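Data first, discussion second: the structure below is written as structure tokens.
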Amino acid sequence: MDIEKIKQRIQKFSDDRNWESFHNPKNLVMALNGEVGELNEIFQWLNFEECMNLPEDVKEHTKEEVADIAIYLIRICMKLDIDLEKAILNKMTKNEAKYPAETSQGGSKKYSKSRENR
């Protein structure tokens with residue numbers, strides 16, 4: 001994925017429609033939340049088996065919602081001057097420290113709870 005090309009395309013899309021004044025972080029986060037809600041609706045009443053074996057039309061719809069989420073997330077990062085790649089890598093480093101593989105195998109406990117069991 002070439003994030004710079006994606007950012008340029010997102011910016012052009014906004015510029016071509018004169019939407020820049022609407023794209024402040026608050027509005028973008030609210031729009032992102034709406035898209036997450038649309039993704040949630042796809043899975044809301046499905047059981048595990050159904051979630052893992054989506055019909056092709058539902059999978060296509062899911063791809064569209066995931067793309068909408070990514071677009072808004074990237075746009076938020078653009079507005080706040082956040083390097084998404086660095087932010088993800090930094091957060092993964094923190095998660096690896098919070099959830100060491102040797103103490104987090106097969107468990108779903110919050111990191112503060114899993115540390116109590118060491």
For GLU85, only one of the following conditions fails: (1) in contact (Cβ under 8 Å) with a residue 60 or more places away in the chain; (2) part of a loop (DSSP other than H, G, I, E, B); (3) of a type in the set (Asp, Glu). What is its number? (2)
Within segment 30-38, can one find any residue that is among the small types (Gly, Ala, Ser), under 20 Å from LYS5 (Cβ atoms) and either part of a helix (DSSP H, G or I) or at pLDDT 95 or above (or both)? no
I'm told LEU54 meets every condition in (1) part of a loop (DSSP other than H, G, I, E, B); (2) loosely packed, with under 11 Cβ neighbours inside 10 Å; (3) modelled with pLDDT of 90 or more except one. Can you identify the failing condition by its number? (2)
Give me the pairs, please: first residue somewhere in segment 96-113 and part of a loop (DSSP other than H, G, I, E, B), second residue anywhere and surrounded by fewer than 13 Cβ atoms within 10 Å (Cβ to Cβ) and at pLDDT below 70, beta-carbon distance under 7 Å, and either six or more positions apart or on two chains. THR103/ARG118
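The values are calculated or read from the model by the stated rules, or taken from the named source; none is laboratory data. Everything numeric in this text was worked out from a predicted model, so none of it was measured. Note: ideal-geometry Cβ built from the backbone for every residue, glycine included; neighbour counts use all protein chains shown.
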